[in-house]
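Data first, discussion second: the structure below is written as structure tokens.
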Amino acid sequence: MPEASDTLNQRIWQVVSAIPVGTVASYGDVAKRAGLPGYARYVGRVLRNLPPSSTLPWHRVIKADGRLAFMSGSDSERRQIACLTKEGVLVRRGRVDMKRYAWHQ
DNA sequence: TGGCTGACCAAGT
DNA sequence: AACTTGGCCAGCC
């Protein structure tokens, strides 16, 4: 059972900030690594609530099957694709090749 | 209290 | 690869 949400958020932020440049991790992976297996949706909510000024590499977090979580064609999706591409992660048809770019713990 | 909603996941077809 | 289904969990009415 979760403690104070501030503490949980900090754990999640810490995990996300540890994702190496040029790699990606799924929401479920981040949750598990933060000690919260099964809390993938919670991770998504935490990232959604991130302030615009945040420097956290939220763009390195995608769905488990390699697809981006945003609606196709949205501004958010375009921003994420731009960030990933700049880091060398190839995004094609809103999808990333997990075999190649997954963050292996 | 209870139903609805997601920046989700895994297995099946 | 595209879809569907059932499960999941906290926030917001």
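Counted over all Cα-Cα pairs of chain A, pairs farther apart than 21 Å make up 29 percent. In nm, to one decimal, how far is the A:Asp65 label point from the A:His104 one, both placed 7 Å along Cα→Cβ? Placing both labels 7 Å along Cα→Cβ, they lie 2.5 nm apart. With the cut-off at under 17 Å, measuring from each backbone N in the stretch A:59-90 to a point 7 Å along the Cα-to-Cβ line of A:Ser17 picks out A:59-61.
Lysines near A:Lys86 by alpha-carbon distance under 21 Å, same-chain residues fewer than 8 away left out - which ones? Qualifying lysines at Cα under 21 Å: A:Lys63, A:Lys99. The angle between the Cα long axis of helix A:75-86 and the main principal axis of chain A comes to about 80°, on a 0 to 90 degree scale. Annotation: amide H of A:Ile62 within the under-5 Å range of A:Ala25, A:Ser26, A:Tyr27, sequence separation 5 or more or interchain, hydrogens built in the peptide plane.
Every number in this text was worked out from the coordinates using simple rules, so none of it is lab data. For clarity, every value in this text was computed on a predicted model and none was experimentally measured. Cβ: placed from backbone, ideal geometry, glycine included. Neighbour counts: every protein chain shown.
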